[in-house]
Amino acid sequence: MRDVRAVDCDVHPTVPGWAALTPYLDPFWRDSVEERGIGTLESISYPPGAPLTARADFRGADTLAAASVADLEPVFDRWGADIAILNPLYGIQLVFNEDMAAAFARALNDWIAKEWLDRDPRLRASIVVPLQNVEHAVDEIERRAPDRRFVQVLLLAMGEVPLGRRALWPLYAAAERHQLPIGIHAGSAYRNPVTALGWPSYYIEDYAAQAQGFQSQVASLVSEGVFAKFPALKVVLIESGVTWLPAFLWRFAKFWRGIRTEVPWVDRSPAEIVRDHVRLTLQPLDGPDAPAEVERIIEHLRSDDVLLYSSDFPHWQFDGDAVMPAGIPPGLKRKILVDNPLKTYNRLNAV
Amino acid sequence: MNVELRQPLAAARVKPTVIDCDIHPTATLADLRPYLSNRWWDYLQTYGERRRHGFARSYPYPKVTPRACRRDAWPPGGGLPGSDVDFMRAQHLDHYGIEYGVMNPLSPTGQGEQNPEFSAAMAAANNEWQMAAMTGREPRLKSSIVVPYEDAQAASAEIKRRAGNRDYVQVFMLSRTSEALGRRRYWPIYEAAVEHGLPVGIHVFGYSGWPTTATGWPSFYIEEMTEHATSSQALVTSMIMEGVFERYRELKIVLIESGFGWLPALGWRLDRNWKRLKDEVPHLRRAPSEYIREHLWVSTQPMEEAEDPDHLIEVMNWIGFDRILFASDYPHWDFDDPFVALPPNLDAEQRRAIFSENAKRVYRFA
């Protein structure tokens, strides 16, 4: 892997609709989709027509972006990735029927393997799991993990319960066993309002609130003791915005000093735990405009190891080809582009 | 060696003029009895407080100390921390040379009560009690107008009832409301505040009825505490995106006990998102961070503690040293001591701004 120029850790393949997935469904669920007229599963986390969901110049004549391997040309040819990790954002996590969710997750993952991974050796993917039932989720990890092109387990920033909760720990045991990081991507299963103050009026509030969802998940994972129980586990925060992290850790660590008797298994500062176990993808980097100030906020992370390169293609996070935000220190770029991803995704090294 | 270094620093720190923007006075229900009608007193005896959580006589997340208070803040003569004005004067106001203290009553205030009429009665009782028991006996202590915010018309009426008395220095709300504070149902509160030239202080806590996180209920008090910052981020987002600051150009919001380190990153995120999605919110005429810069003040406690203190000062610079107010949170366990709470590497002008000048302007202290 020494010739790798960049690993793009967040690329979104678009499911064109049921016609693509139904060949991968069991007969029962294929019939159900047809007979019940089950609609497609696009989530309001990324309204299909919204400017943020796909940059205008990434959309094809049918308005879809990233609908096929050929559409990923910017990721590889323009921005120089040699490996890209696919994170499908299709509303599997929103489904209420846990059996249906498991069937749809299997179909989605198999579609990814056949229609994407088989067609381009540069592609890797995350395993979408039906967290509606943790046993189903573990089954799906076990089913797909032997295929080493699946390099991560994909969850959403907002779900039914905080991700540290003990009932979910079999998931982390499976992920750790298979050397799969847990990727937490922006988005909600809409089991709860996207803010602690209820439902907002606008989509822009929903998207902005994702950064708060990530804070809640990190607080939960650390406070519940997930990293004490699973010391080899890595968590990647994908499309999180990044810059909320330092001040969040200052607050969290201060409270930990005052309240640590409540969570005795948190036996060192949450800031240290996060730097050891948590990684963040680069785009979007919610920074100030001035490159010198971007450099300051990067410095506030106090680690050269936590950022992983991502384009977030086809989401509209940057204009032109400015995939690397201005202000990233030159000495850090190689780590972000290559070293940190390879250290985080153990499976990338073996292929 | 340590002693030699610390003494000059300590000398530089003592006797700042301090305006403390977050002091918690405590009334028991019995203290409020004179200000409640028989109807509401009887209601309280029969049905008790019914906030948007399940515990009749307790909190969903047990605090780290009894009533979340400093163990040395219990008055030697009896009663609850924050209930004895003489003890508060000696332990806090005189000890630290507090010039003014803004009182923010937390409970039992009826804020967020399920029964809106009871909420209004409790708010009024708290406002009268603050004046009689505290401000009337210690002029450095200023009162906040507790409002029954879930009924904005009643809240507006309560503001109008109190605003003529300049010892009430702000309208007082909590952060966890049943809808985000930008929603139009709350606008009559802002209208009344602006009409009477009062800032709106929004203190963390309260029970919205929604889970404390967007991913459900957490397990621990430490999470409840960190989540106050996320709730505050959501309420600032809501106030900006709903256009509150376009409608009320004079509105001043003081965020209390939410910390402040998160504010610059929120502004950057909202600006980025607005560039992409501005056609959804055409009523905004400026970048979100500009509304933050113009309409928001933050208070210090619980002061974030950066591993590298210079990083915290950079964040304070991004917010603006004219926008940060000192708050101690007396008598709670996470109290910030005025003598040592601010980063030691602030210059004299920055310290003066935070300790008193900014508060004088926003609360219009003489």
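By the scheme Lys and Arg +1, Asp and Glu -1, what is the net charge of all other residues having a beta-carbon under 10 Å from that of B:E314? Provide the component values of the computation, followed by the final result.
Working: positive: A:R296; negative: A:E293, A:E299, B:D308, B:D310.
In short, -3.
Shielding value for B:305-315 is 5, the average number of Cβ atoms from other chains within 10 Å of each residue's Cβ. Solvent-free Debye calculation, one equal scatterer per alpha-carbon of the protein assembly as shown: log10 I(q)/I(0) at 0.06, 0.09 Å⁻¹ equals -0.36, -0.80. Secondary structure note: in the protein assembly as shown, about 5% of the DSSP beta bridges are antiparallel. Contact order for chain B, expressed relative to its length and based on alpha carbon pairs under 8 Å spaced 6+ residues apart, stands at 19 percent. Just flag the trypsin sites (Lys or Arg not before Pro) in region B:54-87 sitting in loop per DSSP whose Cβ has no more than 14 other Cβ atoms within 10 Å. Qualifying residues, ordered by number: B:R57.
Sorted largest first, the spans of the alpha carbon positions of region A:112-209 along the three principal axes are 43, 32, 17 Å.
Relative contact order of chain A, taken over Cα pairs closer than 8 Å and 6 or more residues apart, is 20 percent. Estimate the FRET efficiency between A:T261 and B:D310 by the formula 1/(1 + (r/R0)^6), using the beta-carbon distance for r and 41 Å for R0, to the nearest 0.05. The calculated FRET efficiency here is 0.85. Computed on the Cα trace of region B:204-289, the radius of gyration divided by the Kirkwood hydrodynamic radius gives Rg/Rh = 1.00.
Note down, for region A:60-161, the three equivalent ellipsoid semi-axes (square root of 5 times each alpha carbon gyration tensor eigenvalue), biggest first, whole angstrom.
Details: eigenvalues 132, 48, 28 Å².
For region A:60-161, the ellipsoid semi-axes come out as 26, 16, 12 Å.
Evaluated on region A:164-222, the Kirkwood hydrodynamic radius is 13.1 Å, with distances taken between all distinct Cα atoms.
For region B:139-233, the dipole from Cβ point charges (+1 on Lys and Arg, -1 on Asp and Glu) about the Cα centre works out to 400 debye, to the nearest 20. Going 7 Å from the Cα of A:R166 along its beta-carbon direction, which residues of region A:252-296 have the amide nitrogen within less than 20 Å of the resulting point? Backbone N within reach: A:260-268. Of the chymotrypsin sites (Phe, Trp or Tyr not before Pro) found in region B:37-82, the ones in coil according to DSSP and having at most 12 other Cβ atoms within 10 Å of their Cβ are B:F55.
Could you compute the net charge surrounding A:L233? Neighbours are other residues with a C-beta less than 13 Å from the C-beta of A:L233; K and R count +1, D and E count -1.
Numbers: positive: A:R177, A:K229, A:K234, A:R279; negative: A:E176, A:E224, A:D276.
Overall, the nearby charge balance is +1.
Every helix of 4 or more DSSP H residues in chain A counts as -39500 (n - 2.57), and over all residues that averages to -10500 deg cm²/dmol at 222 nm. With contacts taken as Cα pairs under 8 Å at a separation of at least 6 residues, region A:135-245 carries a relative contact order of 34 percent.
Per DSSP H run of at least 4 residues, take -39500 (n - 2.57); add these up for chain B, divide by its residues and hand me the 222 nm value, nearest 500 deg cm²/dmol.
Estimated from H runs of four or more residues: -10500 deg cm²/dmol.
Using only alpha-carbon positions in chain B, the gyration tensor eigenvalues give semi-axes of 29, 28, 20 Å once each is multiplied by 5 and square-rooted (largest first). Would you please give the FRET efficiency between A:F28 and B:N317, computed as 1/(1 + (r/R0)^6) with r the Cβ-Cβ distance and R0 = 51 Å, to the nearest 0.05? Efficiency, rounded to the nearest 0.05: 0.25.
Two numbers describe the Cα atoms of chain A: Rg and Dmax, which are 19.3, 59 Å. Sites listed here are trypsin sites (Lys or Arg not before Pro) in region B:107-210 whose DSSP assignment is loop and whose Cβ has at most 13 other Cβ atoms within 10 Å: B:R137, B:R166. Modelled spin-label separation between A:S303 and B:R361, with each label point placed 7 Å from Cα along the Cα-to-Cβ direction: 3.9 nm.
Quick check: net charge around B:F335, other residues with Cβ under 9 Å of its Cβ, Lys/Arg +1 and Asp/Glu -1? Mind showing how you got there, number by number?
On the way: positive: B:R70; negative: B:D329, B:D334, B:D336, B:D337.
Around B:F335, the charge tally is -3.
So what's region B:311-366 giving for Rg/Rh, alpha carbon basis, Kirkwood Rh from the mean inverse pair distance? Intermediate results must be reported in sequence, preceding the final value.
Values: Rg = 11.7 Å, Rh = 12.1 Å.
On the Cα set of region B:311-366, Rg over Rh gives 0.97.
Can you give the log10 of the normalised intensity I(q)/I(0) at q = 0.21 Å⁻¹, computed with Debye over equal Cα scatterers of region B:181-241? These q points yield log10 I(q)/I(0) values of -0.91.
Residues of region B:245-277 with an amide N closer than 20 Å to a point placed 7 Å from the Cα of A:Y202 along the Cα-to-Cβ direction: B:245-253, B:263-277. May I ask for the Rg/Rh ratio of region B:151-258, computed from Cα atoms with Rh as the Kirkwood radius, given to two decimals? Result: Rg/Rh = 0.99. Taking N as the residue count of region A:213-351, its C-alpha radius of gyration divided by 2.2 N^0.38 Å amounts to 1.09.
Given axes a ≥ b ≥ c from the Cα gyration tensor, I'd like to know whether region B:208-366 is rounded (a/c under 1.5), prolate (a/b larger than b/c) or oblate. Write out the running numbers ahead of the final one.
On the way: a/c = 1.73, a/b = 1.24, b/c = 1.40.
Since a/c reaches 1.5 but b/c is at least a/b, the shape of region B:208-366 is classed as oblate.
Round to a whole number: what % of the accessible area of region A:115-200 belongs to carbon and sulfur, probe 1.4 Å?
Numbers: 1380 of 2750 Å².
Here carbon and sulfur together make up 50 percent of the probe-accessible area.
With the simple spin-label model, which puts each label point 7 Å out from Cα in the Cβ direction, the B:A348 to B:E246 separation comes to 4.6 nm.
Shielding by partners for A:151-159, please: the mean number of other protein chain Cβ atoms within 10 Å of each residue's Cβ.
On the way: counts 0, 0, 0, 0, 0, 1, 2, 4, 3.
Partner-chain Cβ atoms within 10 Å, mean over residues of A:151-159: 1.
The Cα center of region B:333-366 and the Cα center of region A:137-163 differ in position by 48 Å. With Cα atoms defining each centre, region A:202-275 and region A:1-63 are spaced 30 Å apart in the structure.
Ranked from largest, the principal axis spans of the Cα set of region B:53-177 equal 41, 38, 22 Å.
The values are calculated or read from the model by the stated rules, or taken from the named source; none is laboratory data. Given the structure is predicted, the values throughout are model-derived calculations rather than measurements. Cβ atoms come from the backbone with ideal geometry, glycine included; neighbour counts cover every protein chain shown. The area values use the complete protein model at the heavy-atom level, side chains included, leaving out ligands, DNA and RNA. Shrake-Rupley method; radii C 1.70, N 1.55, O 1.52, S 1.80 Å.
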